[in-house]
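Q: I'd like to ask you about the structure that follows.
Just so you know, all these numbers are worked out from the coordinates, no wet-lab data involved. This is a predicted model, so every value here is computed, not measured. Positions of Cβ are backbone-derived with ideal geometry, glycine not excepted, and every protein chain shown enters the neighbour counts.
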Amino acid sequence: MFKENFDESKKFIPLNIAVLAISDTRSLKDDKSGALLRDMLEKDGHKCAARKIVRDDITAIRAVVQNWVADDDIDVIITTGGTGFSGFDVTPEAVEPLFDKKMDGFSILFHNYSAAKIGTSTLLSRATAGLAATTFIFCLPGSKGACRDAWEGILNQQLNFQHRPCNFVELMPRLGEHLEGGKVKKLKK
C-alpha cells in the first residue's frame, strides 16, 4: 500500500468477508486459493465470516451467494474460481445477474495489475465485481497468484477505511439507499 494513500488518523474498520471457492476438483481441505484469501484478509484485520466450496454449477453458486447477500453480518463476498473460458467456468454467469450495480473498473484494474505480472495471459480471466443489495462481490480466478494479486493490488486498499482519497468502506453506510425502505448498513466500528 502506498504510504501517501493511507490516513492513520482514521480508525480501521474490520469487515466480515465470506470466501467461496468454486471447483469440481477441490475440497475445503485442499482449497489453497480460498485458504490464502482467508489468511490474507485476516492478516489485514478483517474477519472471515464464512468459507465454503461449491461445484461449478450456476444454481449452486448463485444459492450460496444469494444466502450470503441476505445475511446482514456479511459485508463482502469474494469468490475464487470459475472465471475462465472452459465449459465448466460459470461463475460470472451465476453471479452477475445478482448485481444491482456492476463494477466495470474492478475488471479493468485487475487486468492491468495482472498483465504487469503475467502478460497477455490475463485475457484468460473474466474477473468481475459488483454490488448486490448492500454487499460487495468480487469474483476472482482460481489461482493463488490471481487471488494474491487481487487482494494485495486492489482489495486490501479499497476494503480499508484508512485508504484515501476514497474507499468502499466509507460508502457502505449509504449502499442501501436504492432499496425499499432505504436500508442503511451499520458498520461495526
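Q: If the convex hull of the alpha-carbon atoms of region 1-106 is projected onto planes in all directions, what is the mean projected area in square nanometres? Write out the running numbers ahead of the final one.
A: Values: hull surface 32.6 nm².
Across all orientations, region 1-106 yields a mean hull projection of 8.1 nm².
Q: While we're looking at this one, here's another question. Please order R174, R148 by the number of other Cβ within 10 Å, starting at the fewest. Don't skip to the answer; put the middle values down first.
A: Numbers: R174 12, R148 16.
Final ranking by Cβ density, sparse to dense: R174, R148.
Q: Please work out, to two decimal places, the log10 of the ratio I(q)/I(0) at q = 0.11 Å⁻¹ from a Debye calculation in which every Cα of region 58-189 carries one identical scatterer.
A: -0.39
Q: Which value in deg cm²/dmol, rounded to the nearest 500, describes the helix-derived mean residue ellipticity at 222 nm for the chain, given -39,500 (n - 2.57) per DSSP H run of n ≥ 4 and division by the residue count?
A: On the way: 6 runs with 56 residues, N = 189.
For the chain, the value works out to -8500 deg cm²/dmol.
Q: Determine, for D89, D57, D24, D31, the number of other Cβ atoms within 10 Å of each Cβ, and report the residues in order from fewest to most.
A: Values: D89 19, D57 15, D24 12, D31 22.
Going from sparsest to densest Cβ surroundings: D24, D57, D89, D31.
Q: Please report, in debye to the nearest 20, how large the charge dipole of the chain is about its Cα centre when each Lys and Arg carries +1 at its beta carbon and each Asp and Glu carries -1 there.
A: Details: 26 positive and 25 negative charges, 90 e Å.
So the magnitude is around 440 debye.
Q: Okay, moving on. Using Cβ contacts closer than 10 Å as the measure, can you line up C139, C166, C48, C147 from fewest to most? Before the final figure, lay out the partial values.
A: Values: C139 30, C166 9, C48 17, C147 25.
Ranked by crowding around the Cβ, least crowded first: C166, C48, C147, C139.
Q: Just need the relative contact order of region 3-178 here, percent rounded to a whole number, with Cα pairs under 8 Å and 6+ apart.
A: Details: 317 pairs, mean separation 46.6, N = 176.
Relative CO of region 3-178 lands at 26 percent.
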